[in-house]
Amino acid sequence: PYPAPCPATSLRTTVRNGTATPAVRYLRIVFTNITRTACTLRGTPRVQATFGAAHRPVGPPATGVRRLGWTGGPVNLGARATRAYSVLAVTAPAHYGARVCVPARASALVVTFGRSQRIVVPISLTVCTNRASTSIGPVSP
């Protein structure tokens, strides 16, 4: 038996740079439990690039991908500072060409698990508005 799902208010969510190629930039979205109560993350989060204080969507949401042999949890986050992460791949708009991609700047990522509250993570990145240029993997320990 796993603990209850993690509410957004129990998580500190940060973005860390990962590896990069000329075509793709990999970012690690890190979820840290900041409460005294254990909780569980499960599956693949929904991630939407947004812009401005109203968090207006920029392009399509990230498409979910599965890692070989891993479906995304459940991942038990113990009390205080236990971490899990998901990898966000951002394809460089130049890879598609400006006409196909129609690039735009995003100022945040809005992350949600299931029906939980949304988590807003400030970040500056460029995504495509005409096609999906981001993909997200399942949560991992």
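One residue alone among Ala81, Ala54 is assigned to a loop (DSSP other than H, G, I, E, B), open to solvent by 20 Å² or more (accessible area, probe 1.4 Å) and on the phi > 0 side of the Ramachandran plot, and that residue is Ala81. Selection of region 116-135 for residues being open to solvent by 40 Å² or more (accessible area, probe 1.4 Å), among the β-branched types (Val, Ile, Thr) and within 14 Å of Arg56 (Cα to Cα) yields Val120, Thr129. Leu88 meets all of the listed conditions (1) within 27 Å of Pro5 (Cβ to Cβ); (2) free of Cβ contacts under 8 Å to residues at least 12 places away in the same chain but one, namely (2). Figure legend. Inter-residue proximity from region 2-22: first residues closer than 15 Å to Thr112 by Cβ, second residues open to solvent by 70 Å² or more (accessible area, probe 1.4 Å), beta-carbon distance below 6 Å, spacing 6+ or different chains. Indicated pairs: Ala8/Gln117. Among the residues of region 26-41, the ones that are within 13 Å of the chain's Cα centre (by Cα), farther than 15 Å from Val65 by Cβ and charged (D, E, K, R) come to 0 in all.
Here Thr9 fulfils each of the conditions (1) within 13 Å of the chain's Cα centre (by Cα); (2) assigned to a helix (DSSP H, G or I) apart from (1).
Please work out which residue is farthest from Leu77 (Cα to Cα), limiting yourself to region 22-43 and to residues that are open to solvent by 60 Å² or more (accessible area, probe 1.4 Å) and out of contact with any Phe, Trp or Tyr (no Cβ under 8 Å at 6 or more places or on another chain). My answer is Pro22. Residues of region 97-115 that are part of a helix (DSSP H, G or I) and either open to solvent by 20 Å² or more (accessible area, probe 1.4 Å) or under 11 Å from Thr50 (Cβ atoms) (or both): Ala98, Arg99, Val100.
The values are calculated or read from the model by the stated rules, or taken from the named source; none is laboratory data. What you see is a predicted model; the values in this text were computed from it and never measured. Heads up, the Cβs are rebuilt from the backbone with ideal geometry, glycines too, and the neighbour counts pull from every protein chain shown. For the accessible areas, the whole protein counts, side chains as well, though only heavy atoms, and no ligand, DNA or RNA atoms are used. Shrake-Rupley method; radii C 1.70, N 1.55, O 1.52, S 1.80 Å.
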